Amino acid sequence: MIKQITREKLEVEKYTACLHRAVNYRIYAESWYLDTVTNQQWDCLVLNDYEAIMPIPYRKKMGIKYIAQPLYCQQLGIFHSETFNQQQFDAFYARLRSKLVKNYQMNEENLIFLSPAISTKINQVLDLSLDYTKFRSGLRKNRKQELQKGLPQDHQIISSMTDQFFIDLLSKEYKSIQDQLYLKQLQPLVDIIQSKALGITISILKENEVVASSFYLKSGQRLIQLCNSKKQNSSINYNTFIVDYMIRNYLNQSKILDFEGSSIKGVNEFNASFRASTVQIPIFKTKFL
């Protein structure tokens, strides 16, 4: 039986145990993560005694409750064990279809249970179980040339579990799109991620000045690129060196580098230039207010 449970009545220990057992774990579904990005505005569909879970974040408009994907939260959906079956999925999906949904992004593994007609968006991932020498020799020409040339001698790459240089750069260098970055929502999320030692900040310094910085999430086997930033009008493609740094430092540790994908052509092509594979994320919507 599937029950809808409010956040207040959620048995967090059972919920967390189910999520951590799931074959399709994502950090986005952690209760503390959802609490932060939704201000605790989420319910959960639960199969029996937390055998499978489906967090459903909501908002309200004119007093009407509707489901909407939070910011900085790419994949939700149903989290389940290996024994989860089509009949159980269909029961969850029927409950979702009965609701008012602005947009709800499920996870990649949920796609096998859905009709090919479902709407999807792109994600891009790279399995880091690879031979680095062969991998690098197979990169696209421009990416390979950048890496062969390397960073100038007055630059260095650093890694930190606590730095927030990327937020500083986003604030200072991207003023024209501040309303699209939602930094007020990003800041508390980064704070709690770092308090749990689940964030990695990779930065590039030029003569001790930060010129580029990216933030990655540790999500089980995944290393998710949540955001990246750089000094504007630079002639150097700094993200090439940050991504290469991540690849070299997490090789053959059963990790997947998750670029979070993009519908922006230039970003999509950059990710693909590192031989990232394209996967699809199911998106569900109903007629909205």
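The values are calculated or read from the model by the stated rules, or taken from the named source; none is laboratory data. These numbers come from a predicted model, not from an experiment. Note that we place each Cβ from the backbone using ideal geometry, even for glycine, and neighbour counts take in every protein chain shown. Surface accessibility is based on the protein's heavy atoms, side chains included, excluding ligands, DNA and RNA. Shrake-Rupley method; radii C 1.70, N 1.55, O 1.52, S 1.80 Å.
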Cα long-axis angle, helix 12-21 against the chain (0 to 90 degrees, to the nearest 10): 60 degrees
What per residue convex hull volume, in Å³, do the alpha-carbon atoms of the stretch 1-65 yield? 86 Å³
On each of the three principal axes the extent of the alpha-carbon atoms of the stretch 193-289, given in whole Å and largest first, is 53, 33, 30
Please say if the stretch 173-241 is rounded, prolate or oblate, where rounded means a/c under 1.5 for a ≥ b ≥ c the square roots of the C-alpha gyration tensor eigenvalues, and otherwise the choice is prolate for a/b larger than b/c and oblate otherwise? oblate
Could you give the radius of gyration (one decimal) and Dmax (whole number) of the Cα atoms in the stretch 80-131, in Å? 14.0, 48
Distribution of pairwise C-alpha distances over the chain, 5 Å bins, in %: 1, 5, 11, 15, 18, 16, 13, 9, 6, 4, 2, 0, 0
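About the Cα centre, and with charges only on the beta carbon of Lys, Arg (+1) and Asp, Glu (-1), how big is the dipole of the stretch 2-156? Nearest 20 debye, please.
Roughly 800 debye, rounded to the nearest 20.
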Given H placed on each backbone N at 1.01 Å, which residues far from K231 in sequence or on other chains put an amide H within less than 5 Å of it? A212
Per residue, how much accessible area does the stretch 160-289 show when a 1.4 Å probe rolls over the protein heavy atoms, in square angstrom? 48 Å²
Furthest towards positive pole of dipole, P55, V243, I67, structure part the chain, Cβ charges: I67
note: the stretch 1-127, Cα-Cα separations exceeding 18 Å make up a percent value of 51 percent
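Place a +1 charge on the Cβ of each Lys and Arg in the stretch 80-219 and a -1 charge on the Cβ of each Asp and Glu, then give the dipole magnitude about the Cα centre in debye, rounded to the nearest 20.
So the dipole magnitude of the stretch 80-219 works out to roughly 440 debye.
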Stretched fully, the stretch from S129 through N233 gains (0.36 nm per residue minus C-alpha distance, one decimal, in nm) 34.0 nm
Given charges of +1 on the Cβ of Lys and Arg and -1 on the Cβ of Asp and Glu, with all other atoms neutral, how large is the dipole of the stretch 152-274 about its Cα centre, in debye to the nearest 20? 220 debye
From the phi of every residue in the stretch 232-237, what ³J(HN,Hα) in whole Hz does the Karplus formula 6.51 cos²θ - 1.76 cosθ + 1.60 yield, where θ is phi - 60° and glycine or proline is x? 6, 6, 7, 7, 9, 7
